[in-house]
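Where a number appears in this text, it was derived from the coordinates with a stated rule and is not lab data. As the structure is a computational prediction, the values presented were derived from the model and not from experiment. Here the Cβ is made from the backbone with ideal geometry for all residues, glycine too, and neighbour counts use every protein chain on show.
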Amino acid sequence: MSGDERWIHTPPRESATFDKHAIAEIHRAAATGIYDIRGFGAKRKVPHFDDLLFLGASISRYPLEGYRESCGTEVTLGARHAKKPITLRIPITIAGMSFGSLSAPAKEALGRGASIMGTSTTTGDGGMTEEERAASSLLVYQVLPSRYGMDPDQLRRADAIEIVVGQGAKPGGGGMLLGQKISERVARMRTLPPGIDQRSACRHPDWTGPDDLEIKIIELREITDWQKPIYVKVGAARPYYDTALAVKSGADVVVLDGMQGGTAATQDVFIEHVGLPILAAIRPAVQALQDLGMHRKVQLIVSGGVRNGADVAKCLALGADAVSIGTAALIAIGDNAPHLEDEYRKLGTTAGCYDDWHEGRDPAGITTQDPELTRRLDPVAAGRRLANYLSVLTLECQTIARACGKSHVHNLEPEDLVALTIESAAMAQVPLAGTNWIPGKGGPF
Amino acid sequence: MPTVDLATAPVRELNAALHSLQPSTNETVWRVQNPRGQHAIAVGLDAPVTVEIDGSVGYYCAGMNKQATVVVNGSAGQGLAENMMSGRVHVKGDASSAAGATACGGLLVIDGNASARCGISLRGLDIVVKGSVGHMTGFMAQAGNIVVLGDAGDALGDSIYEARLFVRGTVKSLGTDCIEKELREEHRMLLRSLLDAAGLPDVDAAGFRRYGSGRKLYNFHIDNIGAY
């Protein structure tokens, strides 16, 4: 190459708009004629808890001694109306995930791990399995639009009831459990033929709107003799109004799920383009509770992308009473584990990126009904892993709370936080770091 | 016979009393007066008793019923006998929308008309409507039977799975993947038993037309995208 030739050709330049992923998706769409369906939650980068920092103690704030002074973590849910509220030892619950989307050992492992740590797990579409009930000291029973497996006896055996209006991965969307995951047992529980795709409805069959929801909640309370806490779960879309309407409808607990929340099978375009990041949803929901005089009386559980104890602490500081984890819990019991790399490669992916949960070929034995794959998951060992993980989350959250001088994790508050970006400062309504500026403060949500 | 007057006693008191009944109870017939459209009357029952309600009821009457017989001498609001598991529910008047929604077993008889989405997501209950039914009846119905002596509104059986629909009158339109099917002898026998159970021995089973799933949408296929 002569002296000037090196300057004739510019190096390859990837388009910021048509990046490799966008181009690959266009090729895939052109080849197949159908949208991409996958599991997991939103993968795009959105403002998240990493954009917040705790300030910690200083001259004007007095810290608590680590490893010595206590920092409470328990939370009681459902005291507004239920005769039997439930108390969790830690402010971290396991989100609803169905038997069908998950294997029976996976559901059992979630129950075992949650029970070791004194917290709850949650059923999903298709109803309650015996393994799950036996393994879970506290089990929340979901009432979903599909009502697959809905049974009043199971309702009465539950410790709490969760009416699912929506989920963060797909606010306004139903679900589809593809035929390859419909085993005889799954089909029987859902009263449908084996092997067919099972559509989970996006609307409840017997109520429409908040006035009806209020009556539906009364019916469920009557059936269970007003004993069970009743949650209402919504995807983060209009958190101020949805929270207010859930409270008006009589909910004991509001569950708010951000767009990073996982799903077993949803269109990629839905996962990535509908709903709010959880960071943007917590403060409006808390504001609704405060405006109604119901903050801490109606509990708020938030979810969608909680990964570590700092995330937990930030949710609580923003006003939540507890958090819920789904994707992180699956990872804790073995999803996307690096030792399965060879098998992920055979599926055309790699450990850390596997999201074809709907296909039923999960080498970890978690998002599958294949008997051979399912046997790979030891529910006892996997439950222990989940308990370990929950323990770490709790310890991390306590570590931060003590550093902020809090004797209970619920004493964390927005004043303990600053934001690293203008966007996260606006969404979390905390000052941009190094300033006293909260963008948009006082404006409409 | 125990009698509960809902003009003075709260619904909570009635339901609590019915829930506390033991299988061996000899209080097997209950009368409820002045329901006045209140909601969630006689819900979550699980005993072989009869509850007769004198008047019209609100939402979710007899919801999730097991074993019991509930008779409404009036009309019923939304979600009548929703998710019923077994037993018998009989409404002498009309029923609002979503009657028998998601219900799994037993028999629901409506002497008058039923509004929209009757038998939505049905999972095994038998429903006999002596009048007509509204739009989207049998939407996504999975199992069970819906018998309509009158007419059916728009989109009958939309996205239906394995439930069977029998209509004696006209059908305004069929929903997605719902087709008319041959009424064979086995279906006439089934209809006969359902009509007899509903107290209609004089109605000719041969006068009905049968509808059910075309089963074309059971597995998602791109060639069917226009049907959704």
Formal net charge of residues neighbouring B:Ala114 (Cβ-Cβ distance under 11 Å; K, R +1; D, E -1): 0
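Of the cross-linked pairs A:Lys216/B:Lys92; A:Lys107/A:Lys233; B:Lys130/B:Lys172, which ones have a Cα-Cα span greater than 22 Å in the structure shown?
As for pairs spanning more than 22 Å Cα to Cα, those are A:Lys216/B:Lys92.
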Positive end of the dipole of chain A, charges at C-beta (+1 Lys, Arg; -1 Asp, Glu), about the Cα centre: which of A:Ala381, A:Leu178, A:Thr350 has its Cα farthest in that direction? A:Ala381
Select from region B:1-70 those GluC sites (Glu not before Pro) which occupy a DSSP coil region and have at most 13 other Cβ atoms within 10 Å, ordered by residue number. B:Glu27
Over chain A, the sum of -39500 (n - 2.57) across DSSP H runs of at least four, divided by residue number and rounded to 500 deg cm²/dmol, gives at 222 nm -9500 deg cm²/dmol
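Quick one: putting +1 on the C-beta of Lys and Arg, -1 on the C-beta of Asp and Glu, what dipole do you get for region A:375-445 around its Cα centre, in Debye to the nearest 20?
460 debye
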Of the candidates A:Arg190, A:Arg296, A:Arg376, which one comes out as most mobile in a Gaussian network treatment of chain A with C-alpha springs shorter than 10 Å? A:Arg376
Could you identify which residue out of A:Lys346, A:Lys181, A:Lys107 has the top mean-square fluctuation in a GNM of chain A using Cα springs shorter than 10 Å? A:Lys346
How charged is the neighbourhood of A:Leu340? Take every other residue with its Cβ under 11 Å from the Cβ of A:Leu340, and add Lys/Arg as +1 and Asp/Glu as -1. -2
For A:Val269 and A:Gln227, extending 7 Å from Cα along the Cα-Cβ vector and measuring point to point gives, in nm, a value of 4.8 nm
Show me the trypsin sites (Lys or Arg not before Pro) within region A:5-65 that DSSP assigns to loop and that have at most 12 other Cβ atoms within 10 Å of their Cβ. A:Arg13, A:Arg44, A:Lys45
Would you mind checking which residues have amide H under 5 Å from A:Val143's amide H? H placed 1.01 Å from N; only 5 or more apart, or other chain. A:Glu162, A:Ile163, A:Val164
Mind checking the mean number of beta-carbon atoms from other chains within 10 Å of the Cβ atoms in A:211-219? 5
Using each residue's phi in region B:98-106, evaluate 6.51 cos²θ - 1.76 cosθ + 1.60 at θ = phi - 60° and report the 3J(HN,Hα) Karplus result to the nearest Hz, with x for Gly and Pro. 6, 5, x, 4, 6, 6, 9, x, x
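Can you show me the helix-derived [θ] at 222 nm for chain B, built from DSSP H runs with n ≥ 4 at -39,500 (n - 2.57) apiece and divided by the number of residues, rounded to the nearest 500.
-3000 deg cm²/dmol
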Using θ = phi - 60° and the Karplus curve 6.51 cos²θ - 1.76 cosθ + 1.60, what whole-Hz ³J(HN,Hα) does each residue of region A:266-273 get, with Gly and Pro shown as x? 8, 4, 4, 5, 6, 4, 8, 10
Taking every alpha carbon pair in region B:167-210 and sorting the distances into 5 angstrom bins from 0 up to the bin holding the longest one, the percent per bin comes out as 5, 21, 27, 21, 15, 9, 1
Springs between alpha-carbon atoms under 10 Å, Gaussian network over chain A: tell me which of A:Thr224, A:Thr121, A:Thr368 tops the mean-square fluctuations. A:Thr224
What list of ³J(HN,Hα) values in whole Hz, one per residue of region A:392-398 in order, does the Karplus curve 6.51 cos²θ - 1.76 cosθ + 1.60 (θ = phi - 60°) give from phi, with Gly and Pro shown as x? 4, 4, 5, 4, 5, 5, 5
Scan of chain A for GluC sites (Glu not before Pro) in DSSP loops with at most 16 other beta-carbon atoms within 10 Å gives a longest site-free stretch of A:75-445
Around A:Phe54, what is the net charge, scoring Lys/Arg as +1 and Asp/Glu as -1 over all other residues with Cβ under 13 Å from its Cβ? -3
Between A:Trp226 and residues 5 or more places away or on another chain, the pairs with built amide H atoms under 5 Å apart involve none
Rounding to the nearest 20 debye, state how big the charge dipole of region B:1-93 is about its Cα centre with +1 on each Lys and Arg Cβ and -1 on each Asp and Glu Cβ. 140 debye
Of A:Lys43/A:Lys248; A:Lys228/B:Lys216; A:Lys84/A:Lys248; A:Lys170/A:Lys406; A:Lys170/A:Lys297, which pairs sit farther than 31 Å apart, going by alpha carbon to alpha carbon? A:Lys43/A:Lys248; A:Lys228/B:Lys216; A:Lys170/A:Lys406
Under a Cβ-only charge scheme (Lys and Arg +1, Asp and Glu -1), can you give me the dipole magnitude of region B:72-208 about the Cα centre, in debye to the nearest 20? 200 debye
List the relative contact order of region A:226-381 as a percent without decimals, with contacts defined as Cα pairs under 8 Å and 6+ residues apart. 18 percent
Which whole-angstrom value gives the distance between the alpha carbon centres of region B:1-48 and region A:400-425? 52 Å
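Relative contact order (percent) for chain A, with alpha-carbon contacts under 8 angstrom and 6 or more residues of separation? Display every interim value, and only then the final one.
Numbers: 1013 pairs, mean separation 101.0, N = 445.
Relative contact order for chain A comes out at 23 percent.
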Would you work out which of A:Val312, A:Pro145, A:Ser249 lies farthest towards the positive end of the dipole of chain A? Charges go on Cβ: Lys and Arg +1, Asp and Glu -1. A:Ser249
Using modelled amide H (1.01 Å from N, peptide plane; none on Pro or chain starts), what sits under 5 Å from the amide H of B:Val148, excluding residues fewer than 5 places away? B:Val129, B:Phe166, B:Val167, B:Arg168
7 Å from Cα along Cα→Cβ at both A:Glu396 and A:Tyr62: what's the point-to-point distance in nm? 3.0 nm
